[in-house]
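First the structure, in the form of structure tokens, and then the observations on it.
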Amino acid sequence: MVSSVQGPAPVMAQPVVVALGATGPTGPSGGPTGSTGATAATGYTGPPGVTGPTGSVGSIGRTGPTGYTGLQGPPGNSITGATGPVGPLGPIGVTGVTGPAGTASSTGATGPLGTGPTGNTGPAGMAASTGATGNTGATGLTGAGATGPTGYTGAQGQSTNTGATGPAGVAGTAANTGATGPQGAVGVTGPTGAAGTNGVNGSTGATGPIGAGRVLLNTLAASNNAFLSDITSITSAYSVIEIEFQQLAPTSSAVGTYLYMQEYVSGAWQNTGYQFAGNVLYANNTSSNFYSSSSGSITLVPSVTTNAGVSGRLRVYNPAAAGTVVKMFEGTFGTDSAGVVGAVIVAGGWTGGNAAVTGVRFVFSVGNMASGLIKIYGYV
């Protein structure tokens with residue numbers, strides 16, 4: 001606290017009081033009242049006193065000593081279990097039978113042949129002259145028998161012999177055939193007929209049965225998404241669903257960013273009934289366990305930063321098979337926490353009932369999903 005010293009209080013001048021004159025003696029009864037004595041004049045006010053100087057500021061008190069630091073607590077008793085060996089890779093499934101080829105389409109009709117104009121006809125050859133007609137033979141003589149007398153009709157006279165036919169005339173010499181006229185020019189080729197339309201394509205053969213190997217069902221790409229999910233790919237056609245994470249990174253670099261998973265059952269996302277247990281071992285030889293016997297989601301990776309994101313795989317067994325109580329999963333992941341590489345193993349399941357699980361959803365606890373891929377595969 002700052003204190004101050006004040007100077008002496010100012011001295012105020014006192015007014016001069018002048019005593020009033022004494023009242024005269026009371027007159028005799030009925031006599032006049034004596035006059036009041038004159039009031040003395042008021043004295044003048046003295047000047048104000050001078051203000052005293054301000055006192056100096058007091059010194060600051062010294063700081064008290066710092067208290068002792070408390071003793072460090074005892075170390076935790078968590079023991080890191082040895083990482084189990086990686087299981088062998090399953091054999092590649094047999095390729096499904098190829099569907100039959102579609103029926104070949106018929107060939108389109110050939111377009112009509114173009115007909116060019118006919119060339120001009122060459123000039124006709126000269127007509128040959130007709131040979132001269134041979135001379136006609138002379139007519140035979142008429143018989144000279146006399147006419148019988150009228151009366152009885154005389155017997156008919158004998159016919160005379162017809163004169164011999166004259167020899168045939170000599171045939172005229174045949175005229176030479178006129179020379180053949182030159183061939184007319186070849187007509188211009190007519191335009192090519194329009195091509196026939198293609199026949200209708202044969203129908204596609206039926207799809208062959210699903211092979212026994214791994215089948216890619218869906219790819220989810222992160223681009224500043226609040227979450228990534230799939231509710232169409234997981235069906236009873238597949239006994240195992242494998243989910244592959246490729247450098248899935250959050251938008252936040254805050255330490256303590258978790259990767260969570262929820263499951264889709266009977267048309268709704270489930271937010272109760274999950275159990276899981278896992279461990280993360282870092283390259284600096286530190287480790288921690290994470291687990292829950294009743295949770296609203298599954299923790300897959302307990303610490304993720306933007307340095308490298310999350311890469312790894314997760315397998316869910318018989319998720320769409322109704323009647324099995326716990327849809328078990330297990331997974332292994334690589335992550336990066338503030339520049340330190342970590343290895344994660346985790347297992348668990350949804351224990352809320354025996355209905356089929358038909359979808360999965362992934363979300364970070366802080367921020368959005370900045371980049372990376374999630375691929376969903378099925379095994380028959």
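We did not get these values from a lab; they are worked out from the coordinates using the rules stated. What you see is a predicted model; the values in this text were computed from it and never measured. Using ideal geometry, Cβ is built from the backbone for each residue, glycine included, and neighbour counts are taken over all protein chains shown.
Taking amide H atoms as placed 1.01 Å from N in the peptide plane, the amide H of residue 257 lies under 5 Å from those of 304, each 5 or more residues away in sequence or on another chain.
Taking 1 over the mean of 1/r across every pair of different Cα atoms in region 217-379, what Kirkwood radius in Å do you get? Numbers along the way, then the final one.
On the way: mean 1/r = 0.0637 Å⁻¹.
Result for region 217-379 stands at 15.7 Å.
Which of the peptides 364-371, 329-336, 264-271 is most tightly packed, and how do the rest follow, judged by the mean count of other Cβ atoms within 10 Å per residue? Present the calculation step by step, with values, prior to reporting the outcome.
Numbers: 364-371: 18.0, 329-336: 20.5, 264-271: 13.9.
Result, highest mean first: 329-336, 364-371, 264-271.
Taking the number of other C-beta atoms within 10 Å as the exposure measure, put 358, 251 in order starting with the fewest. Numbers along the way, then the final one.
Working: 358 19, 251 16.
By the 10 Å Cβ count, ascending, the order reads 251, 358.
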